[in-house]
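Asks: Below you'll find the structure I mean.
The values are calculated or read from the model by the stated rules, or taken from the named source; none is laboratory data. Note that the structure is a prediction, hence the values are computed from the model and not measured. Glycine gets a Cβ as well: all are built from the backbone with ideal geometry, and neighbour counts include every protein chain shown.
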Amino acid sequence: MMHLMNRCLYRNLSLLWCSGLRGWKKSGAGLSLGFWRSLQLAGLMWVIWGGLMVSGCQSPSVGSVPLKGYRMSVQAVINGNTLEAIGVETIGEGTMPDWKDKRLRVRLIGVDAPDPAQDPWGEAAREFLAEQVGFGSESGQDDRLVLVSLDTQVQDGYDRVLAYVWTDAGLVNEAIVAAGHGLARSYFPNVKYEAVLADAQAEARLLGRGIWNPDQPLRESPAAFRKRQK
């Protein structure tokens, strides 16, 4: 996950560069005025983007780790968007469900990861999530503690906790989508980070990560795959 990247700026400068290349191709052997203008604008935007990174400017849409939520200990990773965890303690003030010492299934909001049967993307997504929450072989973490924050709807019809999962590195939901290990999918009324996830997907798609890899793209959405399997 690129915490220091301004995705909107990155996307715009990429479009400018592509626009310039199109102008070059249309002009034949010579370089068109449109190409030079696009190149100059793209160069200026690169300088601005570099300044943002040096100054440590983070994405303003995500913000810092929430001050209110529930600390949980991850016990298992079911697939690329679902965990099993035991409630540890409430964080912050306000009313929260009493989940202490209860084993719960946690479904990450706004992420639709490939089904485990969608090889090889399903297993890759599960392994990525495992690494993010300290459950992978290369994570280097022992406690496997995460912070779970909620949105409007707390649980679904399967009694899964609908949550945003946070580690010291940031929002795991966003990391999954940005790495191309899941689709950004809105589930009303839980849309607090809808724009964040949409931007993460735009970045992953532009850079050809994971399921967006042009050499091995995911050609069927997880939802369509599950429907077909019924």
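Asks: Quick check, is E93 more than 18 Å from D168 (Cα to Cα), surrounded by fewer than 17 Cβ atoms within 10 Å (Cβ to Cβ) and at pLDDT below 95?
Replies: yes
Asks: Mind listing just one residue for me: the one in the range 211-230 that is touching a residue at least 24 places away in the same chain (Cβ under 8 Å) and assigned to a helix (DSSP H, G or I) and, of those, surrounded by the fewest Cβ atoms within 10 Å (Cβ to Cβ)?
Replies: Going through the qualifying residues, I end up with Q229.
Asks: Here's another thing I want to ask about it. Test of understanding: among G134, G210, G180, G170, which residue is in contact with a helix residue (DSSP H, G or I) (Cβ under 6 Å, 6 or more places away or on another chain) and either on the phi > 0 side of the Ramachandran plot or hydroxyl-bearing (S, T, Y) (or both)?
Replies: Working: G134 fails: in contact with a helix residue (DSSP H, G or I) (Cβ under 6 Å, 6 or more places away or on another chain); G210 fails: in contact with a helix residue (DSSP H, G or I) (Cβ under 6 Å, 6 or more places away or on another chain); G170 fails: in contact with a helix residue (DSSP H, G or I) (Cβ under 6 Å, 6 or more places away or on another chain).
Being in contact with a helix residue (DSSP H, G or I) (Cβ under 6 Å, 6 or more places away or on another chain) and either on the phi > 0 side of the Ramachandran plot or hydroxyl-bearing (S, T, Y) (or both) holds for just one of G134, G210, G180, G170, which is G180.
Asks: Say we look at the range 183-199 and pick out the residues that are touching a helix residue (DSSP H, G or I) at 6+ places or on another chain (Cβ under 7 Å), of a type in the set (A, V, I, L, M, F, W, C) and not in a strand (DSSP E or B); which of these is nearest to V106 (Cα to Cα)?
Replies: Checked the range 183-199; the qualifying residue nearest to V106 (Cα to Cα) is L197.
Asks: Out of the residues in the range 109-125 meeting the condition of being acidic (D, E) and not in a loop (DSSP other than H, G, I, E, B), tell me which one is surrounded by the fewest Cβ atoms within 10 Å (Cβ to Cβ).
Replies: E123
Asks: Do we find a residue being among the aliphatic types (A, V, I, L, M), crowded, with 23+ Cβ neighbours inside 10 Å and farther than 17 Å from I78 by Cα anywhere in the range 150-173?
Replies: For the range 150-173, residues among the aliphatic types (A, V, I, L, M), crowded, with 23+ Cβ neighbours inside 10 Å and farther than 17 Å from I78 by Cα: present.
Asks: Yes or no: G208 free of Cβ contacts under 8 Å to residues at least 40 places away in the same chain, buried (at least 19 other Cβ atoms within 10 Å of the Cβ) and farther than 20 Å from E84 by Cα?
Replies: Details: free of Cβ contacts under 8 Å to residues at least 40 places away in the same chain: yes; buried (at least 19 other Cβ atoms within 10 Å of the Cβ): no; farther than 20 Å from E84 by Cα: yes.
No, not satisfied.
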